[in-house]
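The values are calculated or read from the model by the stated rules, or taken from the named source; none is laboratory data. What you see is a predicted model; the values in this text were computed from it and never measured. Cβ coordinates were reconstructed from backbone atoms using ideal geometry, including for glycine residues, and neighbour counts include every protein chain displayed. Ligands, DNA and RNA are excluded from the accessible area calculation, which covers all protein heavy atoms including side chains. Shrake-Rupley method; radii C 1.70, N 1.55, O 1.52, S 1.80 Å.
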Amino acid sequence: MNTIGVAIIGCGGITLQNHLPGLALCQDVKVTALCDNNPATLEQARQQTGVSVTSTSYEEIVKRDDVQAVIIATPNVAHPPIAHAAIAAGKHVLSEKPLALNYADAKGMADAADQAGVRHMTAFTYRFVPAMRYLSHLIQQGEMGQPYHYRSCRLQDWGTRHLGWRQVKKLAGTGELGDMLSHRIDFAHHLLGPMKRLVANLKNLTPMRDGHPNDTEDWVAILADFRNGATGVLESSKLASGRNESWRSLDYVELNGSEGTFEFTTSKWNELIAGKVGGPGLKPIPVPKEFWTWPGSPRDPGVGDPLVTFRYDQAFEFIDAIRNGRPCNPSFHDGARSQQVMDAAVKSANEQRWIDLE
Ligand SMILES: NC(=O)c1ccc[n+]([C@@H]2O[C@H](COP(=O)([O-])OP(=O)(O)OC[C@H]3O[C@@H](n4cnc5c(N)ncnc54)[C@H](O)[C@@H]3O)[C@@H](O)[C@H]2O)c1
């Protein structure tokens, strides 16, 4: 097999946590170049990885002949220009979410990648939780019947600490909406299809975080109608004090349909809670072993903390799609679709009314 050379643009938290360990599990893949516009972060990444080709300029890196694929892990504002530079150079692109600061830019990325014939992927990492994959499978098998309700709740305790670029609207676009709810909007699309209309509210309860101005929201809620007739209620907060963060805090999705109910919680990676219509109530159902890793992934689910390691399957999906010349799952189109809902949520909150989605 030919080795695929990957460049990483942005060497901060998520690159160290997800992308580098994920790529390390992929066969015949080499991280050939690193880029970060902060020289100190770049030097630290060079020392940690041993990757000798480094630059603070993404334009230089994406043009290199030893780079076939690019992973974008910068603050949100920089995703579109880096993606367009990589696509123009004929490189496959995996971009972090949210794809852009607005739908037009996100759609532009998807269209440009399609036109160039390169693979494109949005890092909706929680699609890779085994229980989410099993839930999607059961719904496709008709186990839920006619969908009635989608409900998601993401509650974390981020307190009032300084969040860096994440609390600056011109760099992040939005706060909790893009940070956390974008994933749960994607779940909703993935499980139930597109939304038809929504009404939303966004709230900034911390205009100063640790002495630094914050012009992004800490809390967001969306009430939605789906095109298939189901209803949606989605809530996400950084200020659920005492609930801790990450996978230790609540990340809950519930679906009710004519045949029954399914409940998914990220922290229970290999279990769903389910009940049949008219039955005695909800009970746990185990996720079968064939769902414990993404199809074809070389990852051993017995190695490491499964609440961390499911994320590594994302890199495998990107590389496998490149090798097989097939679309990535989820693609830039999924990222753009989530962005369209985010734009509508902001508009709804600003104008205090329902917004129809095309
Ligand atoms: N998929 C997930 O579950 C998940 C989780 C966390 C973060 N993210 C996303 O990943 C992205 C990065 O988040 P993070 O937590 O790693 O942030 P971070 O601040 O830790 O890292 C971002 C890095 O990008 C660098 N950078 C900024 N502008 C750049 C540019 N123009 N060129 C090159 N480098 C540049 C910064 O110096 C920094 O080192 C964001 O879009 C975020 O929403 C996704």
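Could you grab me the full set of residues in the stretch 298-323 that are part of a helix (DSSP H, G or I), open to solvent by 20 Å² or more (accessible area, probe 1.4 Å) and not aliphatic (A, V, I, L, M)? Write out each step before concluding.
Here is the first cut: in the stretch 298-323, the residues part of a helix (DSSP H, G or I) are 306-323.
Next, only the ones that are open to solvent by 20 Å² or more (accessible area, probe 1.4 Å) stay: 306-308, 312, 316, 320, 322-323.
Those that are part of a helix (DSSP H, G or I), open to solvent by 20 Å² or more (accessible area, probe 1.4 Å) and not aliphatic (A, V, I, L, M): Pro306, Tyr312, Phe316, Asp320, Arg323.
Which members of the stretch 1-31 meet the condition of being open to solvent by less than 70 Å² (accessible area, probe 1.4 Å) and either at pLDDT below 95 or more than 16 Å from the ligand (Cβ to nearest atom) (or both)?
Taking the stretch 1-31 first, the residues open to solvent by less than 70 Å² (accessible area, probe 1.4 Å) are 4-15, 18-23, 26, 28-29, 31.
Correct list: Ile4, Gly5, Cys26, Asp28, Val29.
Only one of the numbered conditions (1) within 16 Å of the ligand (Cβ to nearest atom); (2) within 18 Å of His92 (Cα to Cα); (3) part of a loop (DSSP other than H, G, I, E, B) is not met by Arg326, and that is (1).
Annotation note: of Val93, Val118, the sole residue that is within 16 Å of the ligand (Cβ to nearest atom), of a type in the set (A, V, I, L, M) and touching a Lys or Arg at 6+ places or on another chain (Cβ under 9 Å) is Val93. Counting the residues of the stretch 81-138 that are farther than 20 Å from Asp320 by Cα, among the aliphatic types (A, V, I, L, M) and part of a loop (DSSP other than H, G, I, E, B) gives 4.
For the stretch 237-257, give me the residue count where each residue is over 14 Å from Tyr150 (Cβ atoms) and of a type outside the set (D, E, K, R). Counting residues in the stretch 237-257 that are over 14 Å from Tyr150 (Cβ atoms) and of a type outside the set (D, E, K, R) gives 10.
Cβ-Cβ distances below 6 Å connect the following pairs, each with a first residue in the stretch 49-65 that is open to solvent by less than 40 Å² (accessible area, probe 1.4 Å), a second residue that is away from the ligand (no atom under 14 Å from the Cβ), and a separation of six or more residues or different chains: Val51/Val31; Val62/Ala89; Val62/Lys91.
Farther than 28 Å from Asp334 by Cβ and in contact with a Cys (Cβ under 8 Å, 6 or more places away or on another chain), is that true of Gln48?
On the way: farther than 28 Å from Asp334 by Cβ: yes; in contact with a Cys (Cβ under 8 Å, 6 or more places away or on another chain): no.
Against the criterion (farther than 28 Å from Asp334 by Cβ and in contact with a Cys (Cβ under 8 Å, 6 or more places away or on another chain)), Gln48 does not qualify.
Please go through the stretch 164-200 and give me each residue that is over 29 Å from Pro147 (Cβ atoms) and either among the basic types (Lys, Arg) or crowded, with 22+ Cβ neighbours inside 10 Å (or both), ordered by number.
As a first pass, look at the stretch 164-200 and keep what is over 29 Å from Pro147 (Cβ atoms): 164-173, 175.
Arg166, Gln167, Lys169, Lys170, Ala172, Gly173, Gly175 - these are the residues of the stretch 164-200 that are over 29 Å from Pro147 (Cβ atoms) and either among the basic types (Lys, Arg) or crowded, with 22+ Cβ neighbours inside 10 Å (or both).
Pairing residues of the stretch 297-317 that are more than 16 Å from the ligand (Cβ to nearest atom) with residues that are of a type in the set (Lys, Arg), at Cβ distances under 6 Å and at least 6 apart in sequence or on separate chains, gives no pairs at all. For residues that are open to solvent by 70 Å² or more (accessible area, probe 1.4 Å) and part of a helix (DSSP H, G or I), scanning just the stretch 334-358, find the one that is nearest to Asn204 (Cα to Cα). In this case the residue turns out to be Asn350.
Got a sec? Which of Ala113, Ala69, Ala78 is under 20 Å from Gln339 (Cβ atoms) and either at pLDDT below 95 or buried (at least 21 other Cβ atoms within 10 Å of the Cβ) (or both)? Don't jump to the end; show me each part of the working.
Numbers: Ala69 fails: under 20 Å from Gln339 (Cβ atoms); Ala78 fails: either at pLDDT below 95 or buried (at least 21 other Cβ atoms within 10 Å of the Cβ) (or both).
Result of the check over Ala113, Ala69, Ala78: Ala113.
Residue check: Ala88 meets all listed conditions (1) touching a strand residue (DSSP E or B) at 6+ places or on another chain (Cβ under 9 Å); (2) open to solvent by 40 Å² or more (accessible area, probe 1.4 Å) but one, namely (1).
How about the stretch 32-48: which of its residues are buried (at least 21 other Cβ atoms within 10 Å of the Cβ) and assigned to a helix (DSSP H, G or I)? Reasoning before the result, please.
Restricting attention to the stretch 32-48, the residues satisfying the condition of being buried (at least 21 other Cβ atoms within 10 Å of the Cβ) are 32-36, 45.
Matches in the stretch 32-48: Ala45 only.
Among the residues of the stretch 228-259, how many are of a type outside the set (Ser, Thr, Tyr) and modelled with pLDDT under 95?
Here is the first cut: in the stretch 228-259, the ones of a type outside the set (Ser, Thr, Tyr) are 228-230, 232-235, 238-240, 242-245, 247-248, 250-251, 253-257, 259.
Within this subset, residues satisfying the condition of being modelled with pLDDT under 95 are 245, 247-248.
Residues meeting the conditions: 3.
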